[in-house]
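Asks: Below: one structure in structure tokens.
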Amino acid sequence: MWSGFPLFPETASTVAGRIDNLYFFLVSVTAFFTLLIFLLVFIFALKYRRKSETERPRPITGSFFLEFIWIGVPLVITLIMFTWGAVLYFDLARPPKGALDIYVVGKQWMWKVQHPTGQREINELHIPINRPVRLTMATEDVIHSFYIPAFRIKKDVEPGKYSTLWFEATQTGEFHLFCAEYCGTRHSLMGGKVVALEPKQYQAWLSGGAADETLEEAGARLFQQLGCVTCHRADSGARGPALEGKFGKPVLLSSGETVIFDEAYTRESILNPRSKIVAGYPTVMPTFQGQISEEGLLQLIAFIKSLTPRQEGNQ
Amino acid sequence: MMSSPTMHREEIALESPWTPKQHYLNMSYGVRSWLLTKDHKRIALLYLLSITLFFFVGGFFAVLIRLELMTPQGDMVQSETYNKLFTLHGVMMIFFFLIPSIPAVLGNFLVPMMIGARDLAFPRLNLASWYIFVIGALFALGSAIFGGLDTGWTFYTPYSSIYSNTNVVSAALGVFITGFSSILTGLNFIVTIHKMRAPGLTWFRLPLFIWAHYATSLIMVLGTPVIAITMVLVILERFFGVGIFDPAVGGDPLLFQHLFWFYSHPAVYIMILPGMGVISEIVACFARKRIFGYRFVAMASLAIAVIGFLVWGHHMFLTSQSVYASMIFSLLSFLVAIPSAIKVFNWTATLYKGSVSYQTPMLYAFGFIGLFTIGGLTGLFLATLAVDIHVHDTYFIVAHFHYIMVGGMVMAYLGGIHFWWPKMFGRLYPEGWARFAALVIFVGFNLTFFPQFVLGYLGMPRRYHVYPEEFQVLNVMSSAGASILGVGYLIPMVYLIWSLKYGHVAGPNPWRAAGLEWETPSPPITHNFESTPVVQRGAYPYSPEEVQVV
Amino acid sequence: MSEAHPALAHHFEDAEQQHEAASLGMWAFLITEIMFFGGLFAGYAVYRMKSPEGFAEASHHLDIALGGVNTAVLIASSLTMALTVRAAQMGSRRFLMLFLILTIALGSVFLGVKVVEYTHKFEESLIPGRHFNFEGMYSRTAEMFFFFYFAMTGMHALHMIIGVGLMLALLVMAHRGRFSPEYYSPVELSGLYWHFVYIVWIFLFPLLYLIGRH
């Protein structure tokens, strides 16, 4: 039971140290004010203890100056906390360019991971250190929350939406991976470990468990199997828009609005195609709800992302 | 000594202890006279009995949880059972103990007396609110017995609406129904405080207890209906399978979280504001001084109630809520901390140059000020966006809200119960035992919950049945503390009941406290006052310039 | 305690205080009601914004004529309710009872029409749930729309039923001559409630029946 008795978590990502600094600031403010209040209460209670039953203290109604101080000082301190926290949060919300894309699907009660090269893992995540990793996450059932304490990062995964999370590990080793949002009976067992490897070892790991097909290949296969390819072609008679080179760019809809062709839009268009039709195309696409799993969706997205405009594809 | 209705009020306070011949407890006898009573004091006692029951039911679940967490493997009960335990602990403690605790017991008993009224404005509604509470509680208990409930007290969708195989409908109905009891109590307080104050009792002469209850009532009236309709939607979804919160058919689970926290965050203030009111009364009495910065403390209560309605999104920093919305919610959450800070500073300043005595209620008040300070400051960690990412849904937050709810509210509740016990029953509790119990509770509490802050930052998620081995030492410490805390709560149960028969006769005002409630005999007569009191001075006239007759 | 009116409860100083307390209580209660309906309106607004076309499409399946008739009926009932309060103020028991009966009648007509509408929806399989069947592109959104339709109008109808019950109780009290120009709080407060329920409908009708119709 005494084996390893940590009081502070490992610091194994680029943001972990930054969050710890803010945390230490908060701890010192807390300690300062807690001690201040404890001390004042203690001193006052002792010094002004009742000496006789007949004593009557002089009335003090209050002091605007003091009120001003103890409204103003906490206000300034909390504004510092707010700004510091918000700036850091904002950084965490924007993944850097060129991050390694890994796809995660949560389901009761496991995390299923797909690497772009096709490797799959369950309740384990192998990653290289010193390289930003971006997770695109979905859930098949209830809300889960992907949590790696050593990296100080966590993100809810909500049904029907993609959430993204990024981090850059700085230390090799094995770290806890948890589900932090209560998700049912075996919630506490929904997790495992993150294995951070030197880039070389990561490459070795990748080639060690070589997959049959990469994520894009799997997506391409689905694209054929589900018949997407029959309409989404580049020729002039196609009933659906060609997808090459479109990902990440704005799309004009028949309603006149413009949306960004991103993961969420791709997902919505596959599951609920009629909600946002690309301008100039008929409303003919059937829904694929129930025919494709969350993992399949992620494979398709990986495939669509990989499509670069071909010469003949440019109408 | 005979009860003498003509006796002047100041004289009563100087009399040696006596009990009136006729008071609200012995006006009539029999079960009927209690179950059909419209006397706010008797209804308060009905609430006292029922919430004490739920406190021990919820506490029993807590004991089982802490026993299970002694070992990391999850070997005492099954995961399914464990999940039901923490869910029922939360539901019982929050909806059936904390929310009604101070308002429905002490508030019911004292609001009319403190403002010089003979009863609350709507005595029948008041009784109805107790019955509604009991019916709601029966539904919740029913769900505990038949099928259990494993959604967590937060009922997050789509788990609660689609996936859970437990008795969600009955529990949600229980929460829905008991909500109306809370609405009726709040409505009654608002009307009573507005319309039934004694002549001369202007707003800024009111005790801070009344201000706190006024602010609480605003939240009850404005927030509770939203949780009611949210529970209705969850029930409808479970019955008809219409996916209002189910993304598979176009719903959005996040809508549930918005609606839920729109009530449940302000509800946190329902659970702490009345406690702050109690602390103001106790600190003033045992420091024999007017509360420092009275107006600031009074306005802080209102500020908390109002800003409290604008911060619910801070429970959703990790969801798909937009980054900008999160920033606004974070900022507002920091702002709501300021009025709480104002209160703590003002209570501390009240002690300065006072005449401080250390009777049990004051010990609880010291405990409250210290623990609430820690609880409040650790709340700032959760309002800080980047830090919340790490500590959200971990034991850090469990520790934080127990510091507020147990360290704050339960301390205040016990302090209040001890303070007004002689008023309620005309007898004093045994001081030695009471001080001892207060100390045990303080020690047990800190040992239980302080390690959880450390656990939380280490990354142990909440609601975990099985946990990694390296967290065991801290968990064992916490469980050890919980056993001390449990004993601490049992001691007052014993000596308070004992004191009903064997305690010293208290007399109208054993603490020589100021306030209209102390100008009535103990226990009070049914109509509280022989004649409506006329008020000529502000609250807490403890000082020589303000007290003519000493 | 100068005037010991039989309706004066023991804990009030005088009838005026009692009346003021009762009416503040009713207003506080109505604010609660606003928050209660507010939750539903918020949900409706969120989903309507998510898929406005589907909601518009589904709203075509509501009978605008019956909805319009019901709106007119409620407007009329609001008038008779105001006249009821007026009659109570003037101390005219005959008119008080007449207008109460009219209000009850109009309220019942409203509920009757609602039953007819609900029956139609049932026949058209527009009740959300397993048997829901909606032709067209937006069947899922339409189910959501009808969920809100039934939740909102159902909740409103429940309030109407309670309102009619209140009116019946008032009618009995009026018949027994319990009201006078000095004491008519129950009539006035029930009137407040009735007007509130009517105003809710004034929001529901355009939101559910009218918006987005071409």
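The values are calculated or read from the model by the stated rules, or taken from the named source; none is laboratory data. As the structure is a prediction and not an experimental result, all values here were calculated from the model. No Cβ is skipped: glycine too gets one built from the backbone with ideal geometry, and neighbour counts run over all protein chains shown.
Asks: Could you list all residues from the stretch C:152-211 that are hydroxyl-bearing (Ser, Thr, Tyr) and over 14 Å from C:Gly91 (Cα atoms)?
Replies: Those that are hydroxyl-bearing (Ser, Thr, Tyr) and over 14 Å from C:Gly91 (Cα atoms): C:Thr153, C:Ser190, C:Tyr193, C:Tyr198, C:Tyr209.
Asks: Let me ask you something else. Any idea which residue in the stretch A:1-28 is farthest from A:Val195 (Cα to Cα), counting only those that are more than 7 Å from chain B (Cβ to nearest Cβ) and β-branched (Val, Ile, Thr)?
Replies: Filtering the stretch A:1-28 for residues that are more than 7 Å from chain B (Cβ to nearest Cβ) and β-branched (Val, Ile, Thr), the one farthest from A:Val195 (Cα to Cα) comes out as A:Val27.
Asks: Now, a different point. For the list (1) of a type in the set (Val, Ile, Thr); (2) more than 9 Å from chain A (Cβ to nearest Cβ); (3) surrounded by fewer than 19 Cβ atoms within 10 Å (Cβ to Cβ), I need the number of the one condition that B:Val323 fails.
Replies: Here B:Val323 meets the rest and fails (2).
Asks: To continue, here is another question. Being within 14 Å of chain B (Cβ to nearest Cβ) and within 15 Å of the chain's Cα centre (by Cα) is the requirement here; does C:Leu30 meet it?
Replies: On the way: within 14 Å of chain B (Cβ to nearest Cβ): yes; within 15 Å of the chain's Cα centre (by Cα): yes.
So C:Leu30 fits the description; yes.
Asks: If A:Thr30 passes every condition in (1) touching a Lys or Arg at 6+ places or on another chain (Cβ under 9 Å); (2) more than 22 Å from B:Tyr542 (Cα to Cα); (3) polar (S, T, N, Q) but one, which one does it miss?
Replies: The one condition A:Thr30 does not meet is (1).
Asks: For the stretch A:132-141, check the following and say yes or no: at least one residue is among the acidic types (Asp, Glu) and either assigned to a strand (DSSP E or B) or more than 14 Å from chain B (Cβ to nearest Cβ) (or both).
Replies: no
Asks: Here is a follow-up. Looking at (1) among the small types (Gly, Ala, Ser); (2) part of a helix (DSSP H, G or I); (3) crowded, with 17+ Cβ neighbours inside 10 Å, which is the only condition A:Gly118 fails?
Replies: The one condition A:Gly118 does not meet is (2).
Asks: Now, a different point. Which residue, of B:Phe453, B:Phe449, B:Phe445, B:Phe471, is under 15 Å from B:Glu68 (Cβ atoms), hydrophobic (A, V, I, L, M, F, W, C) and either crowded, with 22+ Cβ neighbours inside 10 Å or modelled with pLDDT under 95 (or both)?
Replies: Matching residue, one of B:Phe453, B:Phe449, B:Phe445, B:Phe471: B:Phe471.
Asks: If you don't mind, there's one more thing I want to ask. Of the residues that make up the stretch B:251-262, is at least one part of a helix (DSSP H, G or I) and farther than 30 Å from C:Ile127 by Cβ?
Replies: Step one: of the stretch B:251-262, the residues part of a helix (DSSP H, G or I) are B:253-262.
Next cut, farther than 30 Å from C:Ile127 by Cβ only: B:261.
Yes, the conditions are met somewhere in the stretch B:251-262.
Residue-wise test of (1) crowded, with 24+ Cβ neighbours inside 10 Å; (2) at pLDDT 95 or above.
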| residue | (1), (2) |
| --- | --- |
| B:Tyr214 | yes, yes |
| B:Gly223 | yes, no |
| B:Thr230 | yes, no |
| B:Leu233 | yes, no |
| B:Ala248 | no, no |
| B:Leu259 | yes, no |
| B:Leu273 | yes, yes |
| B:Ile279 | yes, yes |
| B:Arg290 | no, no |
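Asks: So, one more: Can you pull out the residues in the stretch A:20-50 that are touching a strand residue (DSSP E or B) at 6+ places or on another chain (Cβ under 9 Å) and of a type in the set (A, V, I, L, M, F, W, C)?
Replies: A:Phe44, A:Ala45, A:Leu46
Asks: Which of (1) surrounded by fewer than 18 Cβ atoms within 10 Å (Cβ to Cβ); (2) at the interface with another protein chain (Cβ under 9 Å from one of its Cβ atoms); (3) closer than 25 Å to C:Ile199 by Cβ; (4) not small (Gly, Ala, Ser) is the odd one out, the single condition C:Glu13 does not satisfy?
Replies: Failing condition for C:Glu13: (3).
Asks: Would you check which residues across the stretch C:18-27 are under 16 Å from B:Leu222 (Cβ atoms) and facing another protein chain (nearest Cβ under 7 Å) and list them?
Replies: Within the stretch C:18-27, C:Leu24, C:Gly25 meet the criteria.
Asks: Are there any pairs with C-beta distances below 7 angstrom linking a residue in the stretch B:391-405 that is more than 18 Å from A:Glu181 (Cβ to Cβ) and within 12 Å of chain A (Cβ to nearest Cβ) to a residue that is part of a helix (DSSP H, G or I) and of a type in the set (A, V, I, L, M, F, W, C), with the two at least 6 apart or on different chains, and if so which?
Replies: From residues that are more than 18 Å from A:Glu181 (Cβ to Cβ) and within 12 Å of chain A (Cβ to nearest Cβ), the pairs are B:Tyr403/B:Leu371; B:Tyr403/B:Ile374; B:Tyr403/B:Phe449.
Asks: While we're looking at this one, here's another question. Would you mind finding the one in A:Leu88, A:Leu46, A:Leu39 that is among the aliphatic types (A, V, I, L, M) and farther than 17 Å from B:Gly354 by Cβ? Before the answer, list the steps.
Replies: Values: A:Leu46 fails: farther than 17 Å from B:Gly354 by Cβ; A:Leu39 fails: farther than 17 Å from B:Gly354 by Cβ.
Selected residue: A:Leu88, the only one of A:Leu88, A:Leu46, A:Leu39 that is among the aliphatic types (A, V, I, L, M) and farther than 17 Å from B:Gly354 by Cβ.
Asks: Residues to consider are B:Leu259, B:Leu233, B:Leu255; find the one that is among the aliphatic types (A, V, I, L, M), within 14 Å of chain A (Cβ to nearest Cβ) and farther than 30 Å from B:Gly538 by Cα.
Replies: After applying the criteria, what remains is B:Leu255.
Asks: Inspect all residues belonging to the stretch B:264-275 and state whether any of them is over 18 Å from B:Gly107 (Cβ atoms) and within 21 Å of the chain's Cα centre (by Cα).
Replies: Checked the stretch B:264-275: at least one residue is over 18 Å from B:Gly107 (Cβ atoms) and within 21 Å of the chain's Cα centre (by Cα).
Asks: Kindly indicate the residue of the stretch A:260-289 that is facing another protein chain (nearest Cβ under 10 Å) and hydroxyl-bearing (Ser, Thr, Tyr) and also surrounded by the most Cβ atoms within 10 Å (Cβ to Cβ) among those meeting that condition.
Replies: In this case the residue turns out to be A:Ser275.
Asks: Does any residue of the stretch A:155-163 turn out to be among the hydrophobic types (A, V, I, L, M, F, W, C), within 30 Å of B:Glu80 (Cα to Cα), in contact with a helix residue (DSSP H, G or I) (Cβ under 7 Å, 6 or more places away or on another chain) and surrounded by 23 or more Cβ atoms within 10 Å (Cβ to Cβ)?
Replies: No, every residue in the stretch A:155-163 fails to be among the hydrophobic types (A, V, I, L, M, F, W, C), within 30 Å of B:Glu80 (Cα to Cα), in contact with a helix residue (DSSP H, G or I) (Cβ under 7 Å, 6 or more places away or on another chain) and surrounded by 23 or more Cβ atoms within 10 Å (Cβ to Cβ).
Asks: Quick check on B:Tyr352: is it touching a residue at least 24 places away in the same chain (Cβ under 8 Å), within 7 Å of another protein chain (Cβ to nearest Cβ) and among the aromatic types (Phe, Trp, Tyr)?
Replies: Judged against the criteria, B:Tyr352 is a match.
Asks: Which count do you get for residues in the stretch A:248-279 that are touching a Pro at 6+ places or on another chain (Cβ under 8 Å) and part of a loop (DSSP other than H, G, I, E, B)?
Replies: 2
Asks: Check whether at least one residue in the stretch A:81-100 is under 23 Å from B:Ile342 (Cα atoms) and more than 7 Å from chain B (Cβ to nearest Cβ), and report yes or no.
Replies: Yes, some residue in the stretch A:81-100 is under 23 Å from B:Ile342 (Cα atoms) and more than 7 Å from chain B (Cβ to nearest Cβ).
Asks: Considering only the stretch C:53-71, how many residues are touching a residue at least 60 places away in the same chain (Cβ under 8 Å) and among the charged types (D, E, K, R)?
Replies: Residues that pass the stated criteria total 2.
Asks: Search the stretch B:185-230 for residues being in a helix (DSSP H, G or I) and of a type in the set (Ser, Thr, Tyr), and hand back the single one that is farthest from the other protein chains (Cβ to nearest Cβ).
Replies: Ranking the qualifying residues of the stretch B:185-230, first place goes to B:Thr216.
Asks: Hey, another quick one. For a quick check of your reading of the model, give me the residue pairs whose first member lies in the stretch A:41-64 and is within 7 Å of another protein chain (Cβ to nearest Cβ), whose second is exposed (fewer than 12 other Cβ atoms within 10 Å of the Cβ) and among the aliphatic types (A, V, I, L, M), with beta-carbon atoms closer than 9 Å and at least 6 apart or on different chains.
Replies: Once the first residue is within 7 Å of another protein chain (Cβ to nearest Cβ) and sits in the stretch A:41-64, its partners that are exposed (fewer than 12 other Cβ atoms within 10 Å of the Cβ) and among the aliphatic types (A, V, I, L, M) give A:Arg56/B:Val550.
Asks: Just the residues that are within 14 Å of chain B (Cβ to nearest Cβ), crowded, with 21+ Cβ neighbours inside 10 Å and assigned to a helix (DSSP H, G or I), please, taken from the stretch C:49-79.
Replies: First, pick out the residues of the stretch C:49-79 that are within 14 Å of chain B (Cβ to nearest Cβ): C:49-55, C:57-58.
If we keep only those that are crowded, with 21+ Cβ neighbours inside 10 Å as well, we get C:51, C:54-55, C:58.
If the condition is that a residue be within 14 Å of chain B (Cβ to nearest Cβ), crowded, with 21+ Cβ neighbours inside 10 Å and assigned to a helix (DSSP H, G or I), then C:Gly54, C:Phe55, C:Ala58 are the ones that fit.
Asks: In this structure, does C:Leu158 turn out to be of a type in the set (A, V, I, L, M, F, W, C), without any contact (Cβ under 8 Å) to a residue 24 or more places away in the chain, closer than 30 Å to C:Ala82 by Cβ and within 14 Å of chain B (Cβ to nearest Cβ)? Give the steps one after another, and end with the answer.
Replies: Numbers: of a type in the set (A, V, I, L, M, F, W, C): yes; without any contact (Cβ under 8 Å) to a residue 24 or more places away in the chain: yes; closer than 30 Å to C:Ala82 by Cβ: yes; within 14 Å of chain B (Cβ to nearest Cβ): yes.
Answer is yes for this residue.
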